[in-house]
Amino acid sequence: MASPSEVEVFNHALSGIGVDENSLVSILVKSHDEHKKSIRKGCSQLFFEDERQFERWNQTAIKSLKAEFKRFKDVVLLSLMHPWERDARLLNKALKKGPQQYNIIVEIACTRSSDQLLGARKAYHSLFDQSIEEHLASHVKGSERKLLVALVSAYRYEGSKVKEDTAKSEAKALLNAIKDGDKKKVMENDEVVRILTTRSKPHLKEVYQQYKKISGKTIIEDLEVVLLLKETVECLCTPQAYFTRVFDAALRDNANEDAKKALTRLVATQEDEEIKEVAAKFQDKIEERVKGAYKDVLVGVLAKEET
Amino acid sequence: MATIDAPKQVSFQQDAEVLRKACQGWGTDDKAIISVLGHRNAAQRKQIRLAYEQLYQEDLIKRLESELSGDFERAVYRWILEPADRDAVLANVAIKKLSPDNHVIAEISCTRSPEELLAVRRAYQARYKHSLEEDVAAHTKGDIRTLLVALVTAFRYDGEEINTRLANSEAKILHDAVKDKKFNHEEVIRILTTRSKMQLMVTFNRYRDDHDTSVTKHLQGDSGDEFLPVLRTSVRCLNDPKKYFEKVLRNSIRRTGTDEDALTRVIVTRAEKDLKDIKEVYHKRNSVPLDQAVAKDTSGDYKALLLTLLGKQD
C-alpha cells in the first residue's frame, strides 16, 4: 500500500513545470500492484473510476504530461543549436502555428542584434529552402503582414547616434496614428510601420521618451488594444519589461502551454544578458514551480555568473 | 564577362608610387591615374589604397578627390571604391536627390546577389550611420516606399529549388493584377520582393508562355505616378539585367546631351561583372559598338577612363 505521503509525492512530481524524475523513479522501483493501485485511487487529478470498474488515466492529464516530459528534451535540443538555427526554427514554427504565436516572430525579430537576425535569415534558407520574408508574406494574410515582414527584414543601425528632432516628429506621427483609433488602421499605418521597422533601437528609445512627454502616457499604454504593436514597442524599447511579462505568465498558477513554452525559448537564448537579469527576479518562483532535470537546466543556465 | 583587364602580378607599392607622382606638382597626370587604376580589379585597388596609406600617411581617395574634378573625378571616385561601399554611395546619392532617383535604388537592389546586397547594407550603415531601409523609407511615400523598402531589405533564397505550381499560381496573380490595370499592388510587390530570382524567372517565363507577352509589356500604363515605372524597372532588372543595362546605356547616350551619372554608374558597376555581355547586347541592338558611342559622346579624361574600363587596350 502506498502511504498518503507517497501519493502526495507522486502527485507533486507531476504537477508543475517539468517532472521530478528522481521522485518518480524511487516510487516506481518499489512499486508493486497494490502500491500502484492505491496511487491510482489516491490521485484524483490523474485517474478516475471507469464505468467498467478500473482506475483510468485521465486523457487530458496524459496530454499535459506529454508536454511536461517533453520540456527537458526541447530545452536540450534548442540550447545546443547554433543561435541562427534556433531562431530560424522558432520563426518557422511560430509562422505555422498562426496568429496566436506571431508574438514570437516579433520577439525574435526585435530582441536579436542586427547580425543575429541576419544569421537567422541565412539559416532559414538552409533549413526551409525559402526566405523567411517570402514564407511570411505568402502565409500571413491579415493586417499583420506588413508589420511582420518588415520586422524580419530589418537590418537596424546599431550606433548610438540619435537625432532628437527626428525623434520628436516621429513620436508625434505615432501619436496621431494611434489617436485615429481603428486597430487595423494603426497596424497598417505606413508611418507606424516605417518608424518601428526601420529606425535604430536607440532612436526608438528616444521616440519612446518623447512620446511620453507629448501624450502623458507611454506608447505601450496607448497601444494596449493592438497587442502585436504593443509587443513590438516593448521588445524594441523596454525589453526587460517584456521579458518580465513573459516569465510572469509562464510561472503563474494556471499558465497555459504556450506561456510555459516561453521558458524553454528564453532559457535557450542564453546570450541575452537582459534575460538573465530578469530571470534573477524569478528565482523563487522557479524553485517552487519547476521540477526535475528541466529545473536544473533553468536554474543552472540563468544563474550563470560572469566567467 | 568582365571587361577590365587587370594583370595578375602587380606591385601595389609601385602603383602607389606612380599615383603619388601623378598627383604631385602642378596639375595631375590623369593618364597615369587611368593607366594604373583602370587596369586593377577591386581586390588590387583595395591593396593599392592600403599601400598608399602606409607609404604617404594619407587616404588616396581624399587626395584624388582634391586633385581631380568634374565627371572624371566622379567616375574615378566611384571606380576606386569597393563594390559594396560604392553601391552604398550610389544609393545615398539617389536617395538624397531632391526628387529621389528611385530607379537606381531598384536597380541596385535587384541586380546584386543576396549576399552583395547585405554587404551594401552594412557599408551603408558604416558610412551614413543609418540603415539603408531607414533612409529609403524616410524619403519616399506610399506604394513606392513599400516597394523600395521591401526590395532593399530582401534577402532572397539563392538556392536552386523552384516550385512550378507556385510559379503558375503567381503568374496568374500577376496577370490578374495587371489586366484590369487595377494593379493589386500588395500581391505584386509581395511576389517581386520576396521570391527568389530563380523562382521569379520561372514565373516570368510562365507568364510569357500563357500570354504571349512579357509581364513588363503589360505593366505599361500612365497612372501618372512614379510607381509603375519603378515597378517596371524592378521587373526588368530581375528578368534580364543585361538587357536592362543596355537600355540604361542607350538612354544615357541619347543624342540630346549625355546622362553622365547613369553612364558612369553602369560602366563602373558592371566592368568587373558582365559589361562584355552588355556590350554585345548593345552592339546588336544599336548596330554600333558601345565604345564608339561612348567615344562620340564624351571627351577628355572622362572619356579615356570610360574607354579603359570598357576594355580598350592602351
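None of the figures in this text is laboratory data; all of them are computed from the coordinates on show. Please read these numbers as outputs of a predicted model, since none were measured by experiment. Don't worry about glycine lacking a Cβ; one is built from the backbone with ideal geometry, like all the others, and counts go over all protein chains shown.
Dipole magnitude for chain B: about 420 debye, using +1 per Lys or Arg Cβ and -1 per Asp or Glu Cβ, origin at the Cα centre. Taking amide H as placed 1.01 Å from N in the peptide plane, A:F47 has its amide H under 5 Å from the amide H of A:N58, each at least 5 places away in sequence or on another chain. Here the contact order of chain B, divided by its residue count and restricted to Cα pairs under 8 Å and six or more residues apart, works out to 21 percent.
With 0.36 nm allotted per residue and the present C-alpha distance subtracted, the A:D248-A:K141 stretch has 35.4 nm of extension available. Over region A:79-237, calculate the relative contact order: mean separation of alpha carbon pairs under 8 Å at least 6 apart, over the residue count, as a percent. Contact order relative to length: 23 percent. Against the empirical 2.2 N^0.38 Å (N residues), region A:79-237 has a Cα radius of gyration ratio of 1.03. Take each peptide in B:45-51, B:9-15, count the other Cβ atoms within 10 Å of every residue, and average; sorted highest first, the result is B:45-51, B:9-15. For A:E158, project a label point 7 Å along Cα to C-beta. Then give me every residue of region B:106-145 with its amide nitrogen under 19 Å of that point. Backbone N within reach: B:115-135. Any idea which of B:V149, B:L309, B:S214 is furthest toward the positive side of the dipole for chain B, if Lys and Arg beta-carbons carry +1 and Asp and Glu beta-carbons -1? Of B:V149, B:L309, B:S214, it is B:S214. Mean partner shielding of peptide A:123-134, defined as the number of other chain Cβ atoms within 10 Å of each residue Cβ, is 5. Label-to-label distance, A:L227 versus B:E280, with points set 7 angstrom from Cα along the beta-carbon direction: 5.8 nm. For region B:203-209, backbone phi angles converted through the Karplus equation (6.51, -1.76, 1.60; θ = phi - 60°) give residue-by-residue couplings of 5, 5, 4, 4, 4, 5, 4 Hz, Gly and Pro being listed as x.
Annotation: cysteines of chain A without a disulfide-compatible partner (Cβ-Cβ under 4.7 angstrom) are A:C43, A:C237.
Each of B:E133, A:E34, B:E65 was scored by other Cβ atoms within 10 Å of its Cβ. Listed from fewest to most, they are A:E34, B:E65, B:E133. Shown for chain B: cysteine residues without a partner Cβ closer than 4.7 Å, namely B:C23. About the centre of its Cα atoms, region A:188-305 shows a dipole size close to 100 debye [charges on the beta carbon of Lys, Arg (+1) and Asp, Glu (-1) only; nearest 20 debye]. Using θ = phi - 60° in the Karplus curve 6.51 cos²θ - 1.76 cosθ + 1.60, the 3J(HN,Hα) couplings for region B:257-268 round to x, 10, 8, 4, 3, 5, 4, 4, 4, 5, 5, 5 Hz; x is entered for Gly and Pro.
In a reduced charge model with +1 at each Lys and Arg Cβ and -1 at each Asp and Glu Cβ, region A:18-84 shows a dipole moment near 120 debye about its Cα centre.
When the helices of chain B are scored as -39500 (n - 2.57) per DSSP H run of n ≥ 4 and the total is divided over every residue, the value at 222 nm lands at -21500 deg cm²/dmol. The phi-based Karplus calculation (6.51 cos²θ - 1.76 cosθ + 1.60; θ = phi - 60°) puts the 3J(HN,Hα) values of region A:3-15 at 6, x, 5, 5, 4, 4, 4, 4, 4, 4, 5, 10, 10 Hz, whole numbers, x for Gly and Pro.
Helix-only arithmetic for chain A: the sum of -39500 (n - 2.57) across DSSP H runs with n ≥ 4, divided by the residue total, places the mean residue ellipticity at 222 nm at -22000 deg cm²/dmol.
Taking other C-beta atoms within 10 angstrom as a stand-in for reagent exposure, B:M201, A:M187 fall in the order B:M201, A:M187, fewest first.
Here the relative contact order of chain A, from alpha carbon pairs under 8 Å that lie six or more residues apart, stands at 19 percent. Shape class of region A:96-189 from the Cα gyration tensor (axes a ≥ b ≥ c, square roots of the eigenvalues): oblate, since a/c reaches 1.5 or more and a/b does not exceed b/c. Within the shell defined by Cβ-Cβ distances under 10 Å, the residues around B:K197 carry a net charge of +1, with Lys and Arg each +1 and Asp and Glu each -1.
Among B:V230, A:V299, A:V225, the order by Cβ neighbours within 10 angstrom, fewest to most, reads A:V225, A:V299, B:V230.
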